[in-house]
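**Q** The structure that follows is given in the form of structure tokens.
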Amino acid sequence: MSKSYLDKDETHCAIGHPKSAFWQWMLTVDHKRIGIMYAAVMFVFFFVAVFTALLMRVELFAPGAQFIDGDMFNQAFTLHGVIMVFLFIIPGIPAVFGNIVMPLMIGAKDVSFPRLNWFTFWLYIVGCIIALSSLVTFNDAGAAIGIADTGWTFYAPYSLNTDTNVITTLVAAFVLGMASILTGLNFLVTIHRLRAPGMGFFKMPLFVWGIYATAWIQLLATPVVGITLILAILEKFFGIGIFDPSKGGDPVLFQHLFWIYSHPAVYLMILPAFGIMSEIIPVFSRREIFGYRTIALSSASIAGIGYIVWGHHLYTSGMSDIAKTIFSFLTFFVAVPTGIKFYDWIATMYKGKIILATPMLWALGTIITFAIGGLTGVTIAMVGVDIHLQDTYYSVAHFHYAILGGVVFLLFAGLHYWFPLVTGKMYNETRAKIAFYLNFVGINLLWFPMFIAGYYGMPRRYFDYLPEFEVYHQVSGVGAIVIVTGLIFMMWNLIRGWRKGEKVGVNYWGATTLEWHTQSSPPPLENHPKVPYVDFNPYEYHHGEPVVKFDENMKRID
Amino acid sequence: MSHEYVPEVSTDREGKEHVVQGWQDDREGGKMGFWLFMLTEVMMFGAMFLVLTYYFSLHQQDFINASASLNRLLGGINTVVLLFSALTMGLGLLKMRSGDVKGAQLMIWATIVLATAFLVIKGFEWTAEYNHGVFLGLDALQSGNEHSKPFGEILFFGMYFTMTGLHGFHIIIGIGIMLWLLKRIKAGKVTPGHNILHFNIALYWDLVHLIWVFVFPYFYMIGAGDIGGVIHGH
Amino acid sequence: MDTNVNYKAEYAGYWKVLVALLIFTAITFIQPGMFLTDYTFVTQIAIGAIKAWIILMYYMHLKGEKLIIAFIYFSLFLVTFFFIVVGIDVANFQYQDVSHITSQVK
């Protein structure tokens, strides 16, 4: 029985050659193990944030205070946002599947800087610990919940004046940002340097294109928020004056600097997700993807255009009319490459042999939910409309459809798609499908009423509301219960599949990309036994079957 | 990692062999990775220059007045010190690449000495400013008291201490990694044939110098001319 | 060992660049009192840019590194875009009447 990367002693370590399995995991530089560790930690925090949200939904089920007060509610949505954004979705797909799958897809044995990868993971853990430490504060009365109450956006001047643990959270976000930068750096060099011989940029799988475009955003956008957070910390500590109006500082400048990162950040979230979609659709349509080049170039253009549209978060903050117009105009542009991708995916499915396995269900569900998320983004890209809808539940519904219904759903699709590769086992397909439907029904029950509530004026981040909005909150509350049930059920099914699922062989889905062409399932430590020569396109199917076949020495035998 | 790495070979359908680029021993990759890291520093300092330019455009005369009060002699000496340190660092790399390891070590020490001199001179500058009541946390840079400076000057000095402080922090880190480089050379891990670490550290030092090339005129020189109240620039 | 290191030529090169940089530094010092005095800010930044280009091309060995130069152009383009758009916004500021920070309140 050949060894897999999960077996004891089958790993390379950053320091020395430890004998215990525990230290082999703690010190591993293997990209596959690092990806799994990221996933484990990220999902724990994901569920903490989900339960924080559930807490808010239950509180908001009826008007008035139920069991928490306004201050604690502010802390709750801050915690939810900080965890979801900085600890979960920004490391997100790159940290998990960028690490596990990308090197396999390009025929490499690891990333360009494996020890840096190891260091980056532990830097992420340090950031998480610092974020956790901001939860508690000690005052005269003992311990209290001290997390910041500013929202995850930390707008000045409130963030400068509040006495909650803003600085700790800013430091945590800075450290986590550094981890993101280093991941992006590692992936950029890996993709430029370690592709198998013959694999030009336009023979790479589209998931790699997604990771590549994302890495550019991780690298160049994150430093801007890094310095913004440092400037905010210096402002709080030393009063340097740049965001403090009493010294001539401009709080809108904080918003500009913050969103110069945070808008590209959402493209950082969605581009790898679109990459996963581009992998799943061909496999479960048994056809070559339609428009490979346009999808690849659209990833690059989304990354590029995404840098220049941040002002649409500031329409109501006091920008000049001409700036608003420029940003609105540019924001409309960024929807175009995304639309192109959607048409290409649907064209791929046309006359294909559709297999409705769980990964495909998640992908198809995302086409619906992300289409809603994306199109409602276009609505509020219009300045006039945004004047009414800014900071209402409409925005909140928009970005949850886009992030939860886009990024997270595709992350789940990836979990179900690459599960047999990573674990060598399979989960229960029926239960997985039920979990999908619970999530799909839940997200729509939870978030769709919010579009309507927002349209009628329900503000976001509000602890209380007028009785006319109660029905929307009640429907959303039911949806929250449904989706949380679906999430827990899905995770339980996956964990059970890893522990007790049936063992499966290599290339369970009959896919074409290189990560499926290792000699054993799960893959061995060093990935492919020999690096193949790549003179083929990534999605070659003939009559529904993959064209390219390899022998045990990675020589083509088709 | 050991240096016994042997690159893999990949065979195509015609039987032709292609060398596979592995992650080990990838000098070009090491160079590329370090340049990408330096781009993050460009974005970071770029954002700070954006903040600075924004407030300069709002308070031009205040900025010029504040700039005029800085010590151009000390700042200028530091500029020349840093310039020579970039030379010594570069010469050190050249010597290493040509096989003169001892000469390289000497040049790295020279760079460390010059870098330390830079920090000492900056220390004198900041102390003098503190003694004049101009420092973070002191009255002149707070608002609403009798010593308060006008808005533009408060913002100027806020950014001055921030940016020169961050720059100085990068110099301290630079000294640290140069000391570490000397250790690696002594241990035989950095050699004339395997010097990417030395190359990258020299790049880092050049970046530190590059940042100062813009920080110095922006803070010290914009008020160097006619300070009788005439507005310069645009 | 880099067997194709032309030690003499490169050594001379380093010193030539130093002299050039020292000359530009001297120009930096004399400019505010000597020429283009109404455009000190722009001139100072321009001199800085020339020094930066020399440092990048020679001290940092960028001459000939096509890919890395492309990377640098991309990030410089982004920074420039940020400056331009924020600049347009500031130049067309329309709330002077109610702004506390742009009209000096002492």
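The values are calculated or read from the model by the stated rules, or taken from the named source; none is laboratory data. Every value quoted in this text rests on a predicted model; they were computed, and no experiment measured them. So basically every Cβ, Gly included, is an ideal-geometry build from the backbone, and we count neighbours across all protein chains shown. To get the accessible areas, we keep the full protein, side chains included, count just its heavy atoms, and leave off ligands, DNA and RNA. Shrake-Rupley method; radii C 1.70, N 1.55, O 1.52, S 1.80 Å.
**Q** When every alpha-carbon pair in chain B is counted, what percent end up more than 21 Å apart?
**A** 64
**Q** Right, something else. Around B:Thr164, what is the net charge, scoring Lys/Arg as +1 and Asp/Glu as -1 over all other residues with Cβ under 9 Å from its Cβ?
**A** Net charge around B:Thr164: 0.
**Q** Let me ask something else about it. So between A:Glu429 and A:Ile354, what do we pick up on full extension, going 0.36 nm a residue minus the alpha carbon distance?
**A** Taking 0.36 nm per residue and subtracting the Cα distance, the gain is 25.4 nm.
**Q** Where only protein heavy atoms count, and the probe is 1.4 Å, what is the accessible area per residue for chain A in Å²?
**A** 35
**Q** Same structure, new question: So what are the ³J(HN,Hα) numbers for the stretch A:544-558, from phi and the Karplus equation (6.51, -1.76, 1.60; θ = phi - 60°), rounded to whole Hz, Gly and Pro as x?
**A** Result, ordered by residue: x, 10, x, 7, 7, 10, 10, 8, 6, 9, 6, 9, 6, 10, 9 Hz.
**Q** Working with all protein chains in place, sort C:Trp15, A:Trp209, A:Trp122 by solvent-accessible area computed with a 1.4 Å probe, largest first.
**A** Largest accessible area first, the list is C:Trp15, A:Trp122, A:Trp209.
**Q** Turning to a different aspect of this structure: Among A:Leu330, A:Tyr350, A:Ala303, whose Cα sits farthest toward the positive end of the charge dipole of the protein assembly as shown (+1 at Cβ of Lys/Arg, -1 at Cβ of Asp/Glu, about the Cα centre)?
**A** My answer, from the dipole projection, is A:Tyr350.
**Q** Follow-up question, since we're still on this one. Out of the total accessible area of the stretch A:21-546 (probe 1.4 Å, heavy atoms of protein only), what percent is carbon and sulfur?
**A** 69
**Q** Could I ask something else about it? Mind checking how much accessible area B and A bury in total, 1.4 Å probe, in Å² rounded to 100?
**A** Working: alone 13250 and 21930 Å², together 31340 Å².
Using a 1.4 Å probe, the pair buries roughly 3800 Å².
**Q** Report the calculated FRET efficiency for C:Ala91 and B:Val6 (r = Cβ-Cβ distance, R0 = 51 Å), to the nearest 0.05.
**A** 0.25
**Q** Give me the percent of accessible area attributable to carbon and sulfur for chain B, probe 1.4 angstrom. Write out the running numbers ahead of the final one.
**A** Details: 5670 of 8960 Å².
Carbon with sulfur: 63 percent of the solvent-accessible area.
**Q** Rounded to the nearest 20 debye, what is the charge dipole size of the protein assembly as shown about its Cα centre when +1 sits on each Lys and Arg Cβ and -1 on each Asp and Glu Cβ?
**A** Dipole of the protein assembly as shown, to the nearest 20 debye: 2380 debye.
**Q** Now, a different point. Residue by residue, what Karplus-based ³J(HN,Hα) values in Hz, rounded to whole numbers, does the stretch A:143-160 have, using 6.51, -1.76 and 1.60 with θ = phi - 60° and x for Gly and Pro?
**A** Those phi angles translate into 8, 9, 7, x, 4, 4, 10, 9, x, 5, 8, 6, 4, 6, x, 4, 5, 7 Hz.
**Q** Return the distance in nm (one decimal) between the two label points of a simple spin-label model at A:Phe61 and C:Ala20, each offset 7 Å from Cα along Cα→Cβ.
**A** Label at A:Phe61, label at C:Ala20, 7.3 nm between them.
**Q** Can I ask one more? Counting just the Cα atoms, what span does the stretch C:1-63 cover along each of its three principal axes? Round to the nearest Å and put the largest first.
**A** Principal extents (largest minus smallest coordinate, Cα): 52, 18, 10 Å.
**Q** Further, regarding this structure: Apply the a/c threshold of 1.5 to the C-alpha gyration tensor of the stretch A:169-270 and tell me whether it is rounded, prolate or oblate.
**A** Judged from the Cα gyration tensor, the stretch A:169-270 comes out prolate (a/c at least 1.5, a/b above b/c).
**Q** Here's a follow-up. If a helix is a whole DSSP H run, which ones in chain A reach 27 Å or further along their own axis (Cα) and hold a mean Kyte-Doolittle hydropathy of at least 1.6?
**A** A:166-193, A:206-238
**Q** Go through A:Val484, A:Thr513, A:Met37 and say which Cα lies farthest out towards the positive end of the charge dipole of chain A; charges sit on Cβ, +1 for Lys and Arg, -1 for Asp and Glu.
**A** About the Cα centre, the residue reaching furthest to the positive side is A:Thr513.
**Q** Where nothing but the Cβ of Lys and Arg (+1) and of Asp and Glu (-1) is charged, how large is the charge dipole of the stretch B:47-231 around its Cα centre, in debye to the nearest 20? Walk me through the intermediate numbers first.
**A** On the way: 10 positive and 9 negative charges, 246 e Å.
Result for the stretch B:47-231 is approximately 1180 debye, rounded to the nearest 20.
**Q** Helix B:151-186 against the longest principal axis of chain B: what's the angle in degrees, Cα atoms only, rounded to the nearest 10?
**A** Here the helix axis deviates by roughly 30 degrees.
**Q** If you average the sequence gap of Cα pairs under 8 Å that are 6 or more apart and divide by the length of the stretch A:469-540, what percent do you get for the contact order?
**A** Value for the stretch A:469-540: 21 percent.
**Q** Let me ask you something else. With N residues in the stretch C:66-106, what two-decimal value do you get for its Cα radius of gyration over 2.2 N^0.38 Å?
**A** Compactness ratio reported: 1.88.
**Q** Ok, one more. If one puts a single equal scatterer on every Cα of the stretch B:55-189 and applies the Debye formula without solvent, what log₁₀ I(q)/I(0) results at q = 0.14 Å⁻¹?
**A** -0.72
**Q** Using amide H atoms built 1.01 Å from N in the peptide plane, name the residues 5+ places from A:Arg460, or on other chains, whose amide H lies under 5 Å from its own.
**A** So A:Arg460 has HN proximity to A:Thr392, A:Tyr393.
**Q** A follow-up question, please. Rounded, prolate or oblate for chain C? Axes are the square roots of the Cα gyration tensor eigenvalues, ordered a ≥ b ≥ c, and the cut-off for rounded is a/c under 1.5.
**A** In terms of gyration-tensor shape, oblate.
**Q** Could you pull out every one of the lysines with an alpha carbon less than 21 Å from that of A:Lys236, ignoring same-chain neighbours closer than 8 positions?
**A** Cross-link targets: A:Lys247, B:Lys149.
**Q** Picking from C:Tyr58, C:Tyr95, C:Tyr39, which is most flexible by a Gaussian network model of chain C using Cα springs under 10 Å?
**A** Largest GNM mean-square fluctuation: C:Tyr95.
**Q** While we're on this one: What FRET efficiency, computed as 1/(1 + (r/R0)^6) with R0 = 51 Å and r the Cβ-Cβ distance, is obtained for B:Lys102 and B:Tyr130, rounded to the nearest 0.05?
**A** Calculated value: 0.75.
**Q** Based only on Cα atoms, what mean projected area does the convex hull of the protein assembly as shown have, in nm²?
**A** 39.0
**Q** What order do you get for C:82-93, A:422-433, A:508-519 when each peptide is scored by the mean count of other beta carbon atoms within 10 Å, highest first?
**A** Peptide ranking by packing, descending: A:508-519, A:422-433, C:82-93.
**Q** Among B:Pro217, B:Ile154, B:Gly193, which residue has its Cα furthest toward the positive end of the charge dipole of chain B, with +1 on Lys/Arg Cβ and -1 on Asp/Glu Cβ?
**A** After comparing all options, I get B:Gly193.
**Q** Shape of the stretch A:255-306 from its Cα gyration tensor (a ≥ b ≥ c, root eigenvalues): rounded if a/c is under 1.5, otherwise prolate when a/b > b/c, or oblate?
**A** oblate
**Q** First select every other residue whose beta carbon is under 14 angstrom from the beta carbon of B:Leu106; then total the charges, Lys and Arg +1, Asp and Glu -1.
**A** Values: positive: B:Lys95, B:Lys102, B:Lys186; negative: B:Asp100.
Local charge sum for B:Leu106: +2.
**Q** Just the number please: accessible area per residue for chain C, 1.4 Å probe, all protein chains included, in Å².
**A** Counting only protein heavy atoms, the per-residue value for chain C is 58 Å².
**Q** Given the pairs A:Lys109/A:Lys203; A:Lys3/B:Lys16; B:Lys95/B:Lys186; A:Lys351/A:Lys503, which span a C-alpha to C-alpha distance of over 26 angstrom in this model?
**A** In this structure, A:Lys3/B:Lys16; A:Lys351/A:Lys503 exceed 26 Å between Cα atoms.
**Q** So, one more: Listed here are the pairs A:Lys32/A:Lys500; B:Lys183/C:Lys66; A:Lys555/B:Lys31; which of them are more than 27 Å apart at the Cα?
**A** Flagged as over cut-off: B:Lys183/C:Lys66; A:Lys555/B:Lys31.
**Q** Would you mind checking which residues have amide H under 5 Å from B:Val9's amide H? H placed 1.01 Å from N; only 5 or more apart, or other chain.
**A** For B:Val9, whose amide H was placed from the backbone, the distant partners under 5 Å are B:Val20.
**Q** Pull up all non-local amide H partners of B:Gln142: gap of 5 or more, or a different chain, and H-to-H distance under 5 Å with H placed in the peptide plane.
**A** Residues meeting the amide H criterion: B:Lys149.
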